[in-house]
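All of the numbers you see were taken from the coordinates with simple rules; none came from a lab. Model, not experiment: these values are computed from the prediction. In this analysis, Cβ positions are derived from the backbone assuming ideal geometry, glycine residues included, and neighbour counts consider all displayed protein chains.
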Amino acid sequence: MKHLTWHAVCLAAAFFWLYAGTLHFTDPQWFEPIVPPIPGSARLWVYISGAIELALGIGFIVPSLRKITGLGSAAFLVCVYPANVYMWIYDLELGDGSSLTTEGHITRFFLQVFGVLLSLWVWKFRTHDHRALPK
């Protein structure tokens, strides 16, 4: 049952990352306002993060890449969280004019932590039983 859950989590993560990554290319202006002031254009960073998200989505589909993709997903979620903090501190609106309430930002934080923990679980999951050899 644990293996079935692991595979289902990987496929759900693949769907999530492929969907999110695609949005970065089909509607980049929606993401641009929350890109912190870092070198390079906001559009460039939206495309870079979208490409990483698409790669993560593919990685969660390919069985031999799932474990390392779990680690990559956790690292990516940590790396992009500063954009969420930037959005919260400066009460920024997304490209469609919507914004999050304080409760929305707190919920987003806990969802991001959950995503990191779930990604790490995928990474550390034992896909094979390694039984000790008899002595």
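Between ASN84 and LEU117, the contour length at 0.36 nm per residue exceeds the alpha carbon distance by 10.1 nm. In order along segment 97-102, the Karplus-derived 3J(HN,Hα) couplings, from 6.51 cos²θ - 1.76 cosθ + 1.60 at θ = phi - 60°, round to x, 7, 8, 9, 7, 4 Hz, and Gly and Pro are given as x.
Any idea what angle helix 66-89 forms with the longest principal axis of the chain, computed on alpha-carbon atoms, 0 to 90 degrees, nearest 10? Long axis of 66-89 versus the principal axis of the chain: about 20 degrees. The slack in the chain from LEU11 to LYS124, taken as 0.36 nm per residue of separation less the alpha-carbon distance, amounts to 39.0 nm.
Shown for CYS79, CYS10: other C-beta atoms within 10 Å of each C-beta, ranked fewest to most, produce the order CYS79, CYS10.
If only the Cβ of Lys and Arg carry +1 and only the Cβ of Asp and Glu carry -1, the dipole of segment 2-124 around its Cα centre is close to 700 debye. With each label modelled as a point 7 angstrom along the Cα→C-beta vector, the LEU65-ARG108 pair spans 2.8 nm. Sorting MET87, MET1 by the number of Cβ atoms found within 10 Å of their own Cβ, with the fewest placed first, yields MET1, MET87. At 7 Å along the Cα-to-beta-carbon direction for both ILE38 and GLU93, put a label point, then send me their distance in nm to one decimal. Reported label-point gap for ILE38 and GLU93 is 2.5 nm.
If you wrap segment 41-112 in the convex hull of its Cα atoms and look at it from every side, the mean projected area works out to 5.5 nm².
Using Stokes-Einstein with the Kirkwood hydrodynamic radius over Cα pairs, what translational diffusion coefficient do you get for segment 2-124 at 37 °C and a viscosity of 0.692 mPa s, in µm²/s rounded to a whole number? Once the numbers are plugged in, D ends up at 219 µm²/s.
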